[in-house]
């Protein structure tokens, strides 16, 4: 029996499919979930989600949320999630710079927190993007 | 014949107005559609979050509960979050909201306010009440990032026990034709206990880290999500109200145009008749000579 994975963000359902294995960054470290996993509720920290299905592998960047496993059904409630191939590197780099600049200036506590959140998001996205984008785009270069 | 020119001008004015209102109606319609889509697509997340929160709180004893779920003692002050639009021209929406606000004010004098939207900010300021913070609502679909500063202020006040509860005043979206102001309590969070005897829907679950540690962040999330849903609903109401208001404005403008056209034609005909009479009289005067 396969695992069913559902990634839900406040805006939409990002991913819904049958998978073989999920690797997720949790508050207590990285975990892998295989079929017939015990019921689990845990917190996700910003990082990359790796989804394995057959021989193919897919990566997503997430910025925190919750993960629930119940009877081979994984639900991830993420604040924000994006597929590696959808990440726009240039835009994200710009966002990172903007956030860094904001944090250097002495802004109000509120702005600082928002900039911090943006920065974490940008760094996570870039990490995932640089890791997977090159590999994914190779066939098109030839 | 100055009068006839005035009527012509008035027709032109009414035409221009009807063009503007029709455009506004169309914009509101498309925004309403998008907002409805957003509200629907956000629903799975909210449902799942509610479900998880419910399960988690079931596992915990009363004293283990998070501060979000307890009513602070020895304080009577309340915090009211009022959500309105930034722009007017949306029928009775804001008037109704202000009415409800005044009602709340007479019921409890110790209310602190957070306002979202320029329209209500002025009304609260006129009451002479303490406004902790005010935000703009914007004219596009509210984005989730709007919530963070609001949630942070609420956190500050509620978790430091400066206030007894947090309520929200928003415009409830019943149908496209009917929206009404409504007050809901958002803090302390009250979650119904679910029956966990059914193994099918509640399989054995481990919590990592412990349920007690997950709960605060889950509840915080829940709070943010609830706030966002209210923002979305207020936005929906605003667009629906504007759509209806602009539709009736367009219809009224058309009525005025019809009436003015009739008047214009009448006067024009009268003028022509008078001229013909003049010419006729002149001609007959010649004939007699």
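The values are calculated or read from the model by the stated rules, or taken from the named source; none is laboratory data. Source: prediction; values computed, not measured. Neighbour counts run over all protein chains shown; Cβ positions are idealised from the backbone, glycine included.
Might you check whether a residue that is touching a helix residue (DSSP H, G or I) at 6+ places or on another chain (Cβ under 7 Å), crowded, with 16+ Cβ neighbours inside 10 Å and more than 13 Å from residue B:219 (Cβ to Cβ) occurs anywhere in the stretch B:49-56?
Pass one, the stretch B:49-56, residues touching a helix residue (DSSP H, G or I) at 6+ places or on another chain (Cβ under 7 Å): B:49, B:52-53, B:56.
Subset that is crowded, with 16+ Cβ neighbours inside 10 Å: B:49, B:52-53, B:56.
Next cut, more than 13 Å from residue B:219 (Cβ to Cβ) only: none.
So far as the stretch B:49-56 goes, no, none of its residues is touching a helix residue (DSSP H, G or I) at 6+ places or on another chain (Cβ under 7 Å), crowded, with 16+ Cβ neighbours inside 10 Å and more than 13 Å from residue B:219 (Cβ to Cβ).
Taking the conditions (1) touching a strand residue (DSSP E or B) at 6+ places or on another chain (Cβ under 8 Å); (2) at the interface with chain B (Cβ under 9 Å from one of its Cβ atoms); (3) under 15 Å from residue B:48 (Cα atoms) in turn, residue A:28 satisfies each one other than (3).
So if I check each of A:51, A:76, which one is touching a strand residue (DSSP E or B) at 6+ places or on another chain (Cβ under 9 Å), at pLDDT 85 or above and either more than 14 Å from chain B (Cβ to nearest Cβ) or not in a strand (DSSP E or B) (or both)?
Working: A:76 fails: either more than 14 Å from chain B (Cβ to nearest Cβ) or not in a strand (DSSP E or B) (or both).
Only one candidate passes the filter, namely A:51.
Residue-by-condition table, conditions (1) within 27 Å of residue A:41 (Cβ to Cβ); (2) surrounded by 20 or more Cβ atoms within 10 Å (Cβ to Cβ):
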| site | (1), (2) |
| --- | --- |
| B:58 | yes, no |
| B:84 | no, yes |
| B:89 | no, no |
| B:102 | no, no |
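Going through (1) in contact with a strand residue (DSSP E or B) (Cβ under 6 Å, 6 or more places away or on another chain); (2) more than 10 Å from every other protein chain (Cβ to nearest Cβ); (3) assigned to a strand (DSSP E or B); (4) surrounded by fewer than 19 Cβ atoms within 10 Å (Cβ to Cβ) one by one, residue A:35 falls short only on (3).
Checking the stretch B:120-132 against the condition returns a match, with at least one residue being within 14 Å of chain A (Cβ to nearest Cβ) and either surrounded by 15 or more Cβ atoms within 10 Å (Cβ to Cβ) or farther than 21 Å from residue B:190 by Cα (or both).
Do we find that residue A:117 is out of contact with any helix residue (DSSP H, G or I) (no Cβ under 6 Å at 6 or more places or on another chain), part of a helix (DSSP H, G or I), at pLDDT 80 or above and within 13 Å of chain B (Cβ to nearest Cβ) in this structure?
When the stated conditions are applied, residue A:117 passes them.
Considering only residues that are free of Cβ contacts under 8 Å to residues at least 40 places away in the same chain, farther than 14 Å from residue A:71 by Cα and either over 11 Å from the mean Cα position of the chain (by Cα) or more than 14 Å from every other protein chain (Cβ to nearest Cβ) (or both), which ones fall in the stretch A:38-48? Scanning the stretch A:38-48 gives A:42, A:43. Taking the stretch B:157-276 and the strands (runs of 3 or more DSSP E) fully enclosed by it, the elements with 2 or more residues that are more than 14 Å from every other protein chain (Cβ to nearest Cβ) are at B:165-173, B:179-187.
In the stretch B:16-28, how many residues are crowded, with 17+ Cβ neighbours inside 10 Å and either out of contact with any helix residue (DSSP H, G or I) (no Cβ under 8 Å at 6 or more places or on another chain) or under 24 Å from residue B:232 (Cβ atoms) (or both)? Going through the stretch B:16-28 one residue at a time, the tally reaches 3. When residue A:70 is tested against the conditions (1) within 14 Å of chain B (Cβ to nearest Cβ); (2) at pLDDT 90 or above; (3) surrounded by 15 or more Cβ atoms within 10 Å (Cβ to Cβ); (4) out of contact with any helix residue (DSSP H, G or I) (no Cβ under 8 Å at 6 or more places or on another chain), the lone failure is (2).
I'd like to know if the stretch A:2-13 contains one or more residues that are in a loop (DSSP other than H, G, I, E, B), free of Cβ contacts under 8 Å to residues at least 40 places away in the same chain and within 30 Å of residue B:141 (Cα to Cα). It would help to see each step written out before you state the result.
Taking the stretch A:2-13 and keeping what is in a loop (DSSP other than H, G, I, E, B), we get A:2, A:9-12.
From what's left, free of Cβ contacts under 8 Å to residues at least 40 places away in the same chain: A:11-12.
Add one more test, that the residue is within 30 Å of residue B:141 (Cα to Cα), and what stays is A:11-12.
Yes, because at least one residue in the stretch A:2-13 is in a loop (DSSP other than H, G, I, E, B), free of Cβ contacts under 8 Å to residues at least 40 places away in the same chain and within 30 Å of residue B:141 (Cα to Cα).
When the residues of the stretch B:138-152 are filtered to those that are closer than 17 Å to residue B:82 by Cα and either touching a residue at least 24 places away in the same chain (Cβ under 8 Å) or not in a helix (DSSP H, G or I) (or both), the one that is nearest to the other protein chains (Cβ to nearest Cβ) is B:148. Test residue B:79 against the criterion of being in contact (Cβ under 8 Å) with a residue 12 or more places away in the chain and in a strand (DSSP E or B), and give yes or no. Yes: the conditions hold for residue B:79.
Among the residues that make up the stretch B:24-35, is at least one of them at pLDDT below 80 and either more than 14 Å from chain A (Cβ to nearest Cβ) or part of a helix (DSSP H, G or I) (or both)? No: zero hits.
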